[in-house]
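One structure below.
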Amino acid sequence: MTIVNSNRAVISSICALSVGVIFFLFWLIYFREPLTYENSPDLGFMPALNATLNFLSAAFLTLGYIEIRKRNRKRHIIMMLSALTFSSLFLLSYLIYHTFHGDTPYQGEGLIRYIYFFVLISHVVLSVIVLPLILTTVYFAAKGKFTIHPKVARITLPLWLYVSITGVLVYLMLYHF
C-alpha cells in the first residue's frame, strides 16, 4: 500500500468515525428521552464544567499556536495535546450531561434570541466539520508528516478555536444572559 493510499484509508476511517460520533450526538440530544432515575445524580455543575473545558481548550490552542510561531516544537506539542485532552474531556462530559439531562431550551427573547441561535447553529455546524479535521491534523503530526500537517492545521486551528470559544458563549448566553 502506498503512502497516499494509506493516508486516504486513515482519513476515510477518521471521517467515518466522525460521522458516527455526530449521528450519535444528534440522536442523544434530540431524539432520545433523558435517563431519569429516582436518585439521579445532580449534574447542574456540568454546563459550567463544559464551558471551562472549552475555555481551557481555546487557551491551550492559542498557546500552542504561539509556541509553534516561536519554533518551539516541544512546547507546541504539549500545548496542542493539552487542548486535545480538554476537548476530549469536554466531549465526555457533554455526553454524560446530555445522557441524563437532555436539551436545555433557550429562554431569551428579542434580538438576543437571534444572536444566540446564530452562535449556536454556527457552533454546531463547525463542530461537525472540525472533528475530522482535528483527528486528521493529529494523525499527520503523529506520523511526522510535517509537510502536510501545517497545511491542515491552518484550517483546523481557526475552526477549533471558534468552536471552543462559541461553546463558552453558548453557555454564557444560555445560563447567564
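The values are calculated or read from the model by the stated rules, or taken from the named source; none is laboratory data. Just so it is clear, the model here is predicted, and its values are computed rather than measured. Glycine also receives a Cβ, built like all others from the backbone with ideal geometry; neighbour counts cover every protein chain displayed. Accessible surface is based on the protein model in full, side chains and every heavy atom, while ligands, DNA and RNA are left aside. Shrake-Rupley method; radii C 1.70, N 1.55, O 1.52, S 1.80 Å.
For this structure, a couple of remarks:
- Count of residues meeting criterion [within 25 Å of P150 (Cβ to Cβ) and free of Cβ contacts under 8 Å to residues at least 40 places away in the same chain] in the stretch 59-90: 22
Conditions (1) in contact (Cβ under 8 Å) with a residue 40 or more places away in the chain; (2) under 27 Å from L172 (Cβ atoms), marked per residue:
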position: L17; (1), (2): yes, no
position: G20; (1), (2): no, no
position: F23; (1), (2): no, no
position: Y30; (1), (2): yes, yes
position: Y37; (1), (2): no, no
position: F45; (1), (2): no, yes
position: A48; (1), (2): yes, yes
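- Screening the candidates V119, V128 for the property of being of a type outside the set (S, T, N, Q), under 17 Å from N54 (Cα atoms) and touching a residue at least 60 places away in the same chain (Cβ under 8 Å) yields one hit, V128.
- Test: I78 is aliphatic (A, V, I, L, M) and under 26 Å from V10 (Cβ atoms): yes
- Selection from the stretch 110-123 of residues that are farther than 15 Å from L172 by Cα and either touching a helix residue (DSSP H, G or I) at 6+ places or on another chain (Cβ under 9 Å) or not in a helix (DSSP H, G or I) (or both): G110, S122
- Any hit, the stretch 12-28, residues being open to solvent by 70 Å² or more (accessible area, probe 1.4 Å) and at pLDDT below 85: yes
- Selection count where residues are open to solvent by 30 Å² or more (accessible area, probe 1.4 Å) and not in a helix (DSSP H, G or I), scope the stretch 42-100: 6
- Test: L169 is in a helix (DSSP H, G or I), within 21 Å of G20 (Cβ to Cβ) and open to solvent by 40 Å² or more (accessible area, probe 1.4 Å): no
- Hey, I129 open to solvent by 40 Å² or more (accessible area, probe 1.4 Å) and not aromatic (F, W, Y) or not: yes
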